[in-house]
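The numbers here are math on the coordinates, done by the rules we state, and not lab data. Model, not experiment: these values are computed from the prediction. Cβ: placed from backbone, ideal geometry, glycine included. Neighbour counts: every protein chain shown.
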Amino acid sequence: MLSDKIFKTINEFKLLNKRDRVIVALSGGPDSVALLHILKNISKKLNLDIYAAHLNHMLRGSESDDDLRFVKSLCEKLKVPFFSENFDLKKYAKASMEEAARKARFDFLFRAAELAGASKIALGHTKDDQAETVLLRILRGSGLYGLAAILPKRKIKKYTLIRPLLNSTKDEILLYLKTRNYKYRIDSSNKKDIYTRNRIRKYLLPQLKKYNKNILNILANTAQTAGMDYDYIKNQAAEELNKIKSASSKSRISLKAAKLNGLHGALRRMAIRLSIESVAGNLRRFTYKHIQEIEDLLDCRKTGSIVDLPRNISVKKTSSFINIYKRRIPPKKLD
């Protein structure tokens, strides 16, 4: 039974505690609708307070408005407190629409969690999403962190993102909804071939299933193994980083070059990643190529050399240190 499987996932990864307040990210699609129903059903067992939140990106006209009406009505029926906002994504997206949508969605979920006094935000990612993400990362090129793909639990700011459906397949979820006659919405944009993830779902995964019918489990297990390995290396690198760190602040970190160079390659790269993250706030837009540039700076370039990275981060080599810092942005000249 799907509810029992999800409850097992919750216990395995310690996703929920008794008396937690939880925001469910409710798009209206099958995954989030099933998640809301299941969490609502187990809320009595764990004494949970369940809330739901829906962000209308206003990208699909009346279809988006219908999604909002549907999820609002569902929450009224289930007696679940509901938060919603409208956000004109086309108006505010400056570069990547996908990146802007992600930021807007999480900013909204954090606001909803703040209003509800919730510490957990439940997302409806499934084993199918996990498999698609692993394949997407492989196609783009990835290390352990990328192969770990979607984590069952992740802390961002003061909130914990949880994914109770991560060990469940889309087919299991659709069957659960069908047998209970639970309605849900279909996002028409998921059928468009312009998105790489949609092409992976529609064409690549079905082909891979011809070679191995258990491909979803294999890719999900790969992600879980990579995640465990990454977590171990990260913890070891954090210990080493404390030993080689000379000074640090929110905008700068200095590392002892000789000791950094003496670390095992895996620990050295992780220590560099952690250092960039401490200065930049996160690792978005930083790639394997940038880590290689820093390693080249450390190994081959002369003292005084500088590598400029995305998001106004620079790395400078001195006689004894590798300094990672935020570049000063000169003020704009007034006309």
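Summary of values
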| item | result |
| --- | --- |
| Among the candidates Ser84, Ser73, residue that is touching a Lys or Arg at 6+ places or on another chain (Cβ under 9 Å), over 16 Å from Ile162 (Cα atoms) and of a type in the set (S, T, N, Q) | Ser84 |
| Options Arg137, Arg154, Arg163: the member that is surrounded by fewer than 19 Cβ atoms within 10 Å (Cβ to Cβ) and touching a residue at least 12 places away in the same chain (Cβ under 8 Å) | Arg137 |
| Positions within the stretch 23-50 being part of a strand (DSSP E or B), of a type in the set (Val, Ile, Thr) and either in contact (Cβ under 8 Å) with a residue 60 or more places away in the chain or more than 14 Å from Lys120 (Cβ to Cβ) (or both), in sequence order | Ile23, Val24 |
| Search result, residues across the stretch 112-161 that are out of contact with any helix residue (DSSP H, G or I) (no Cβ under 8 Å at 6 or more places or on another chain) and of a type in the set (Val, Ile, Thr) | Thr160 |
| Complete set of residues in the stretch 1-22 that are under 22 Å from Ala112 (Cα atoms) and either free of Cβ contacts under 8 Å to residues at least 40 places away in the same chain or among the aliphatic types (A, V, I, L, M) (or both) | Leu15, Leu16, Asn17, Lys18, Arg19, Val22 |
| The stretch 219-278, subset assigned to a helix (DSSP H, G or I), within 26 Å of the chain's Cα centre (by Cα) and among the basic types (Lys, Arg), residue nearest to Gln130 (Cα to Cα) | Lys234 |
| Residues located in the stretch 181-191, provided they are part of a loop (DSSP other than H, G, I, E, B) and surrounded by 11 or more Cβ atoms within 10 Å (Cβ to Cβ) | Tyr182, Lys183, Tyr184, Arg185, Ile186, Asp187 |
| Enumeration of residues in the stretch 52-67 that are surrounded by fewer than 23 Cβ atoms within 10 Å (Cβ to Cβ) and touching a residue at least 40 places away in the same chain (Cβ under 8 Å) | His57, Leu59, Arg60, Glu63, Asp66, Asp67 |
